[in-house]
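A short worksheet on the structure shown next.
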């Protein structure tokens, strides 16, 4: 007998969205080797790590070179020094957590997929459309049924619960990737109440919470009742520029119980079996993010990206183009000029300006005729890109 493959892989696209974008850009560069390319399509940061973080990484590296301070295998759920720092961060924003509710990981993307190990393939999964592709592909690979919450221009890409839909697992990302839209407290309360009524579980992706200002919620646990229905997943990639350093965390409340099973204990069992923990050196760097100096330095980088976002939104405002995001988010989700299809606009923008964005259609059917730009480039390139954008499309 030959080994059998997982036939569900036949139901996903051959390449990941961003791999396809990169391939098209490579082909364009080969054909036009002298053209300048400005990349504003993926959520990779450009600002360097905070000095306090680098200092901590260096000190931890030195520790690893000495017998008396060497660290081998660490706890799979993370060192207490980093979990205490994360707990303190939540406390400063009005959320109380227990230390054993916090799990350190190598990034939010991994946990978004790996959490489904805890749940039967018989569960129905609800995702918004448009959506971060990992939510969909992870569940298609496993063979689960997926239903969609309609996010569109009419509801400003912030769908609310539909009582006619019966969902077991619900993915919510706020501020959202790709649309940049952010839920208010009242809107999140509607989702929490819906989940608690039905016994559903929310996977709340808070990877962009660091961009939230004012009274908008950063965590779903700011909403009453969330600890009995929600898991929260977060990342250091955007808050502290750890896209190449890799660290995140997931919060699984002790009060979250389904079928008589504590989800926290199940996740602990899963992680101790399939995960060897995040590197000690990286965790020391992550803990430095939450020091007064680290937070100030990271906030300065976030302000830089907010400034880039304003350059983009000021241009779109000047052109009268509909968009969401750019205020509480590094993503700007805009309607394609001239009512073009997303992939057609991608090609046209690249050909005429050398600017790379992400076609909205790659995030779902409701993304057609929309386009995502990110604020993670340099200020110089952001200004240059939007100047070209206006020159080409400002009179269309």
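The values are calculated or read from the model by the stated rules, or taken from the named source; none is laboratory data. What you see is a predicted model, and the numbers here were worked out from it, not measured in a lab. Note that we place each Cβ from the backbone using ideal geometry, even for glycine, and neighbour counts take in every protein chain shown.
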Counting only residues in the stretch 348-387 that are free of Cβ contacts under 8 Å to residues at least 60 places away in the same chain and not in a helix (DSSP H, G or I), the one nearest to residue 177 (Cα to Cα) is identified as 371
Filtering the stretch 306-323 down to residues that are crowded, with 24+ Cβ neighbours inside 10 Å and within 18 Å of the chain's Cα centre (by Cα) yields 309
Note on residue 211: of the conditions (1) buried (at least 16 other Cβ atoms within 10 Å of the Cβ); (2) more than 30 Å from residue 196 (Cα to Cα); (3) in contact (Cβ under 8 Å) with a residue 40 or more places away in the chain, unmet is (2)
>> When you check residue 114 against the structure, is it under 22 Å from the mean Cα position of the chain (by Cα), closer than 19 Å to residue 230 by Cα and assigned to a helix (DSSP H, G or I), yes or no?
In response: yes
Of 52, 83, the only residue that is closer than 26 Å to residue 307 by Cα and crowded, with 18+ Cβ neighbours inside 10 Å is 52
Is it the case that some residue within the stretch 264-281 is in contact with a strand residue (DSSP E or B) (Cβ under 7 Å, 6 or more places away or on another chain) and under 30 Å from residue 225 (Cα atoms)? yes
Flagged in the stretch 233-270 as in contact with a helix residue (DSSP H, G or I) (Cβ under 9 Å, 6 or more places away or on another chain), assigned to a helix (DSSP H, G or I) and closer than 30 Å to residue 376 by Cβ, in numbering order, are 242
Cβ pairs under 9 Å, 6+ apart or interchain, first in the stretch 25-39 and within 14 Å of residue 377 (Cα to Cα), second assigned to a helix (DSSP H, G or I) and modelled with pLDDT under 95, ordered by first then second residue, are 37/25; 37/28; 37/29; 39/25
Of the listed residues (217, 159, 178), the one being assigned to a loop (DSSP other than H, G, I, E, B), under 16 Å from residue 129 (Cβ atoms) and in contact with a helix residue (DSSP H, G or I) (Cβ under 7 Å, 6 or more places away or on another chain) is 178
Being surrounded by fewer than 21 Cβ atoms within 10 Å (Cβ to Cβ), assigned by TED's automatic domain parsing to the domain that holds residue 230 and modelled with pLDDT of 95 or more narrows 118, 126 down to just 118
Counting only helices (runs of 4 or more DSSP H) wholly inside the stretch 15-95, the ones holding at least 1 residues that are touching a strand residue (DSSP E or B) at 6+ places or on another chain (Cβ under 9 Å) and under 30 Å from residue 364 (Cα atoms) are 17-31
Counting only residues that are at pLDDT below 95 and under 12 Å from residue 245 (Cβ atoms), the stretch 45-72 contains a total of 1
On the basis of being closer than 27 Å to residue 116 by Cβ, at pLDDT 95 or above and surrounded by fewer than 15 Cβ atoms within 10 Å (Cβ to Cβ), does residue 352 make the cut?
no
Selection over the stretch 64-80 where residues are touching a residue at least 24 places away in the same chain (Cβ under 8 Å), touching a helix residue (DSSP H, G or I) at 6+ places or on another chain (Cβ under 7 Å) and surrounded by fewer than 18 Cβ atoms within 10 Å (Cβ to Cβ) yields a count of 3
Expected single match for assigned by TED's automatic domain parsing to the domain that holds residue 159, part of a helix (DSSP H, G or I) and surrounded by 16 or more Cβ atoms within 10 Å (Cβ to Cβ) among 277, 285 is 285
